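The values are calculated or read from the model by the stated rules, or taken from the named source; none is laboratory data. In this text the structure is predicted, and so the values were computed from the model without any measurement. Here the Cβ is made from the backbone with ideal geometry for all residues, glycine too, and neighbour counts use every protein chain on show.
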């Protein structure tokens, strides 16, 4: 090995996690290292790496571990350390629209293909598997499963009024002619177009029964303030909807609960949470049923545990549960007393990649059939129901940029997946990116802080992620 002046490559940091030293990469590595962004090391190696000050040289007789880190590009010569990208000088994937400005530390292969597309390639070939996505169902499987259903409803849909859940509602009720119960949590920051869409769709689908929940603001405000202050993002709908409406599906004896999460959105969790080896081993030995998967997901989300969360998404789930505890109680009762119930609904996801070809196709259908309208002044079709989506984008990007979390900005992964799988073209994807909250602080953030009564000084003092936006 040649003589080098060693430093950690850009976006690598030495951290203490659960009282053990780790090397943590705040980015996405090329295959085959895509699952090796967090590496446990011993104290001796940690002390050696801590001494890499960009001045002292090392020779070929260094330890085996250090040589391996050099071979992998974790440790590099100081002259080979990457410079952080700028708005004038960043790299974009040759296949999708991922770039290393919004995803600092994103690696590319020799063809300019980003590490995320490399992951998709191997996911499609079956070389690797995903931990996310849940159980999918085809039209035929769904129709057969509800043939002898004695409930008033065949499926409960978590309905937001956005593009995907509106399409799902139309698809199930109109195309498949299933008996659908549509449940909406009317939260305070819905887009005006969303509220109008919900009213219009109720008229367009008289065969669907609708339920709407709206929390009292004086009760929700302090709880949402805590979630945002400690958890770092204000988006609680995606977890709270299950707590609010799964119990209704249980008491109505409905076999399935479905949401509008589409195929490409599941890839965010796939990238953020790679499949552990133990998961692969267990899956080969024990084949969990759809109900097993459902209960596993709901327990992780709703029941307290003595184990400390293993990742930032897990910490956010805990923050939501602790802050919104009263809203979780009906679901917690069901999970603790599941033997008392005749049927427990199964969470399913429509195979949307087979149900439609592109986002424009979906828009055309729901516009024609349901009178659906996109939000005013929004050209893109990603996340159309809530006004806080750009706040989530901005926060996730800032935390990741500042190396406060390994949780990758969500929307860019969803947009890249839509590009990779042909649901939008490249020009549309670039337009979608421009509308996200990555490039500037969104104005709605100040509105949110004001409504929550949360000052910047208080946000800093709360000790969560949010404070780093204002320090």
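Each row is one residue, and each column tells you yes or no for (1) outside any loop (DSSP other than H, G, I, E, B); (2) free of Cβ contacts under 8 Å to residues at least 40 places away in the same chain; (3) in contact with a strand residue (DSSP E or B) (Cβ under 7 Å, 6 or more places away or on another chain); (4) surrounded by 15 or more Cβ atoms within 10 Å (Cβ to Cβ).
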residue	(1), (2), (3), (4)
141	yes, yes, no, no
152	no, no, no, no
166	yes, no, no, yes
218	yes, yes, no, no
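Given 433, 448, which one is assigned to a helix (DSSP H, G or I) and within 20 Å of residue 193 (Cα to Cα)? Only one candidate qualifies: 448. Residues in the range 382-404 that are surrounded by fewer than 20 Cβ atoms within 10 Å (Cβ to Cβ) and under 14 Å from the mean Cα position of the chain (by Cα): 0 in all.
When 234, 206 are checked against the criterion of being assigned to a loop (DSSP other than H, G, I, E, B) and either more than 30 Å from residue 407 (Cβ to Cβ) or in contact with a strand residue (DSSP E or B) (Cβ under 8 Å, 6 or more places away or on another chain) (or both), 206 stands alone in meeting it. Scanning the range 178-199 for residues that are within 21 Å of residue 156 (Cβ to Cβ), in contact (Cβ under 8 Å) with a residue 40 or more places away in the chain and in contact with a helix residue (DSSP H, G or I) (Cβ under 7 Å, 6 or more places away or on another chain) returns 183, 185, 187, 197. One residue stands out among those in the range 221-239 that are surrounded by fewer than 23 Cβ atoms within 10 Å (Cβ to Cβ) and touching a helix residue (DSSP H, G or I) at 6+ places or on another chain (Cβ under 9 Å): the one that is nearest to residue 179 (Cα to Cα), which is 239. For residue 364, state whether it is at pLDDT 95 or above, assigned to a helix (DSSP H, G or I) and in the same structural domain as residue 445 (by TED's automatic domain parsing). In short, no. Pairing residues of the range 234-254 that are in contact (Cβ under 8 Å) with a residue 12 or more places away in the chain and on the phi > 0 side of the Ramachandran plot with residues that are surrounded by fewer than 17 Cβ atoms within 10 Å (Cβ to Cβ) and not in a helix (DSSP H, G or I), at Cβ distances under 6 Å and at least 6 apart in sequence or on separate chains, gives 253/343.
Checked against (1) within 23 Å of the chain's Cα centre (by Cα); (2) without any contact (Cβ under 8 Å) to a residue 24 or more places away in the chain, residue 89 passes all but a single condition, namely (1).
Counted as qualifying within the range 1-113 are the strands (runs of 3 or more DSSP E) with 2 or more residues that are touching a strand residue (DSSP E or B) at 6+ places or on another chain (Cβ under 6 Å) and within 29 Å of residue 127 (Cα to Cα), namely 20-25, 38-40.
Beta carbons closer than 8 Å, at least 6 apart along the sequence or on distinct chains, pair a first residue in the range 302-323 that is assigned by TED's automatic domain parsing to the domain that holds residue 336 with a second that is part of a loop (DSSP other than H, G, I, E, B) and loosely packed, with under 15 Cβ neighbours inside 10 Å for 308/18; 315/309; 317/309; 318/309; 321/304.
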